[in-house]
Amino acid sequence: MKKLFVVLLVLLAASLAFGAGGQQQSGGGVTRGMDRKIVMGYSQIGAESEWRTACTNSVKAAAEEYNVELIFSDAQQKQENQMQAIRSFIRQKVDVIGFTPVVETGWDAILQEIKDAGIPVICVDRQVTLAAGKKQEDYITAFIGSNMELEAQKAVQWIVNYMKTTGNSRKKDDGKVDINVAILEGTTGSGAQVGRTAGWNKEIAKYPNYKTIFRQTGNFTRAEGQQVMEAWMKSPQANDIDVLFAQNDDMAIGAIDAVKAAGKKPGVDIIIVSIDAVKGAFDAMLRKELNATIECNPLLGPQVMDTAVKILNKQPITWWVESKESQFDWTNAETAYPSRQY
Ligand code: GYE
């Protein structure tokens, strides 16, 4: 009896010790690469897409890995909520601020406030546009994200090549026949929408037989992508749509449902291409409903933490290291699927 009691006591003591140890690890300690624990205020825009969720998860996981204390704030797509969060980060005197601007403009004043407080800022995923004459680099310490223009240019190239070699169920591109395009755009004024629209416009201008017959925002969400496509499929021009370009996968996935509901075959009657390369897009490609997706990497967390540590240690950084990205379609989606991380 006595022995059993001793054994239990030892077990209890051991479990307490482990528990305390574990807690100390996540609560105290120092940040990887630093001699103290750093605090990062992070303003995320919301949870509009699979991509965004993957990005948030990546930032949170990397903060744990680096032992960075993360004050995370979700702005529910509202710039004013981001401003409030950032002002509270300034009041709390965080070591570094990370944020994804929901739209490009309107940040001049708050970036000045951050600068006056001497806090470095890492801009993640979407860029800002400041008043004429001001340079981003003077207010933002580093940018981490993709080249949005390039992604849309790749989408154009993929579409033109496919329409020339394979085409949809009604036509092939012979360089003369009209190819009618519908475009679902992301959140109006966001870096992703602005960049992807610019890249698209620049590249498609090389192919004058491509005509945009519909263009509307679907705010990067599945629900709105579906709604907008539904309306287009009910319009008199529905039968003219040859190609749908969606500025993200979620909107394409929503639109696919609308195409099917209208009795057409997505991927065959209407060629559908989008951007991100999330799991949902792979599922749709394997069902042969989405033709292609251009990769946009949301796993930016480790780079964010690494850059924060370098900045605070006054080590040199590159202002923008562009993400390296690939593209997927029916020829390589199945092979790539098992190793996809988001
Ligand atoms: O493509 C979309 C998301 O800004 C790159 O935002 C990001 C975009 C991404 O909601 O899915």
The strands (runs of 3 or more DSSP E) lying wholly within the stretch 133-248 that contain at least 3 residues that are among the hydroxyl-bearing types (Ser, Thr, Tyr) are 210-217
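May I ask you to verify whether Lys60 is assigned to a helix (DSSP H, G or I) and farther than 23 Å from Thr187 by Cβ?
On the way: assigned to a helix (DSSP H, G or I): yes; farther than 23 Å from Thr187 by Cβ: no.
The answer is no for Lys60.
Of everything in the stretch 159-190, what is within 16 Å of the ligand (Cβ to nearest atom) and open to solvent by 10 Å² or more (accessible area, probe 1.4 Å)? Give them in sequence order. Steps first, answer last, please.
First, the residues of the stretch 159-190 that are within 16 Å of the ligand (Cβ to nearest atom): 183-190.
Those that are within 16 Å of the ligand (Cβ to nearest atom) and open to solvent by 10 Å² or more (accessible area, probe 1.4 Å): Glu185, Thr187, Thr188, Gly189.
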In the list Asp269, Asp283, which residue meets the criterion of being free of Cβ contacts under 8 Å to residues at least 24 places away in the same chain, on the phi < 0 side of the Ramachandran plot and more than 11 Å from the ligand (Cβ to nearest atom)? Asp283
Pick from Ile213, Ile204: which is surrounded by 19 or more Cβ atoms within 10 Å (Cβ to Cβ), in contact (Cβ under 8 Å) with a residue 12 or more places away in the chain and of a type in the set (A, V, I, L, M)? Ile204
Given the criteria out of contact with any strand residue (DSSP E or B) (no Cβ under 8 Å at 6 or more places or on another chain), within 16 Å of the ligand (Cβ to nearest atom), touching a residue at least 24 places away in the same chain (Cβ under 8 Å) and more than 17 Å from Leu150 (Cβ to Cβ), does Thr221 qualify? yes
Among (1) among the aromatic types (Phe, Trp, Tyr); (2) touching a strand residue (DSSP E or B) at 6+ places or on another chain (Cβ under 7 Å); (3) touching a residue at least 40 places away in the same chain (Cβ under 8 Å), the one test that Tyr66 misses: (2)
Unique residue being over 14 Å from Glu185 (Cβ atoms) and within 13 Å of the ligand (Cβ to nearest atom) when the list is Val278, Val243, Val259: Val278
Has the stretch 324-337 got at least one residue that is within 16 Å of the ligand (Cβ to nearest atom), open to solvent by 60 Å² or more (accessible area, probe 1.4 Å) and in contact with a strand residue (DSSP E or B) (Cβ under 6 Å, 6 or more places away or on another chain)? yes
Any idea which residue in the stretch 114-151 is farthest from the ligand (Cβ to nearest atom), counting only those that are among the acidic types (Asp, Glu) and more than 18 Å from Arg87 (Cβ to Cβ)? Asp138
Of all the residues that make up the stretch 277-299, how many are surrounded by 24 or more Cβ atoms within 10 Å (Cβ to Cβ) and either under 9 Å from Ala252 (Cβ atoms) or of a type in the set (Phe, Trp, Tyr) (or both)? 3
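Please enumerate the residues belonging to the stretch 69-89 that are part of a helix (DSSP H, G or I) and either surrounded by 20 or more Cβ atoms within 10 Å (Cβ to Cβ) or touching a strand residue (DSSP E or B) at 6+ places or on another chain (Cβ under 8 Å) (or both).
Asn81, Gln82, Ala85, Ile86, Ser88, Phe89
In the stretch 28-58, which residues are open to solvent by 50 Å² or more (accessible area, probe 1.4 Å) and among the small types (Gly, Ala, Ser)?
Residues satisfying the conditions are Gly29, Gly33, Ala47.
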Do you know which residues across the stretch 146-166 are in contact with a strand residue (DSSP E or B) (Cβ under 9 Å, 6 or more places away or on another chain) and without any contact (Cβ under 8 Å) to a residue 12 or more places away in the chain? Thr166
Going through the stretch 286-301 one residue at a time, which ones are assigned to a strand (DSSP E or B) and within 15 Å of the chain's Cα centre (by Cα)? Thr293, Ile294, Glu295
Based on what the data block shows, is Val304 touching a residue at least 60 places away in the same chain (Cβ under 8 Å), under 19 Å from the mean Cα position of the chain (by Cα) and either open to solvent by 80 Å² or more (accessible area, probe 1.4 Å) or outside the structural domain of Ala292 (by TED's automatic domain parsing) (or both)? yes
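The values are calculated or read from the model by the stated rules, or taken from the named source; none is laboratory data. It should be emphasised that the depicted structure is a prediction, and the values quoted were computed from it without experimental measurement. Here Cβ is always computed from backbone atoms with ideal geometry, including for glycine, and neighbour counts include all displayed protein chains. Ligands, DNA and RNA are stripped out before the accessible areas are found, and what is left, the full protein with its side chains, is counted by its heavy atoms. Shrake-Rupley method; radii C 1.70, N 1.55, O 1.52, S 1.80 Å.
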